[in-house]
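One structure is given below, encoded as structure tokens.
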Amino acid sequence: VTRYSAFLDRRPFVSRLVTGTVLCLAGDMIVQTAIEKRSLSSLFMKADPKIKKFDVNRTLRAGFVGATAISLNLIGWYRKVLPFLCSRFANTFMFKRYPTQATTFLGISILYINHTGHFIYLLLFSD
């Protein structure tokens, strides 16, 4: 954890890009193996024809979406947009009275604003 924290401080852009990519890759691998019951062993040896094969291309697409649509949007949001919004609304009643809640609300609103990444994900993965 200490090395990862140092990496985040030393290389903030690259570390978040790598983190988002790895999370999306791992998430897709978990979904394919645990939920869809696809076999990872089908990558290395001839698998039973009854078992679905693991889709490597899909996992790579998930990593690409994690690196581009999700990580880049979150980096921009938390490094540029959120600080700007907090500074613009710092003198409002909400920020004076409830600073933590107001900042959290702005931070969580990325879930609503960042529909682009979700839309791209649906385009790439829907059958």
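The values are calculated or read from the model by the stated rules, or taken from the named source; none is laboratory data. The model shown is predicted, which means the values in this text are computed figures rather than measured ones. Note: ideal-geometry Cβ built from the backbone for every residue, glycine included; neighbour counts use all protein chains shown. Side chains are part of the model used for accessible areas, which takes the heavy atoms of the whole protein and leaves out ligands, DNA and RNA. Shrake-Rupley method; radii C 1.70, N 1.55, O 1.52, S 1.80 Å.
Quick rundown of the values:
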item	result
Extreme residue, farthest from ASP28 (Cα to Cα), among residues of the stretch 42-64 that are surrounded by 14 or more Cβ atoms within 10 Å (Cβ to Cβ) and at pLDDT below 80	ALA47
The stretch 75-107 - residue that is open to solvent by 100 Å² or more (accessible area, probe 1.4 Å) and among the hydrophobic types (A, V, I, L, M, F, W, C) and, of those, farthest from PRO12 (Cα to Cα)	PHE93
In the stretch 32-41, the residues that are within 22 Å of GLY20 (Cβ to Cβ) and either open to solvent by less than 70 Å² (accessible area, probe 1.4 Å) or not β-branched (Val, Ile, Thr) (or both)	GLN32, THR33, ALA34
Residues that are without any contact (Cβ under 8 Å) to a residue 12 or more places away in the chain, among the polar types (S, T, N, Q) and open to solvent by 30 Å² or more (accessible area, probe 1.4 Å), drawn from the stretch 15-31	none
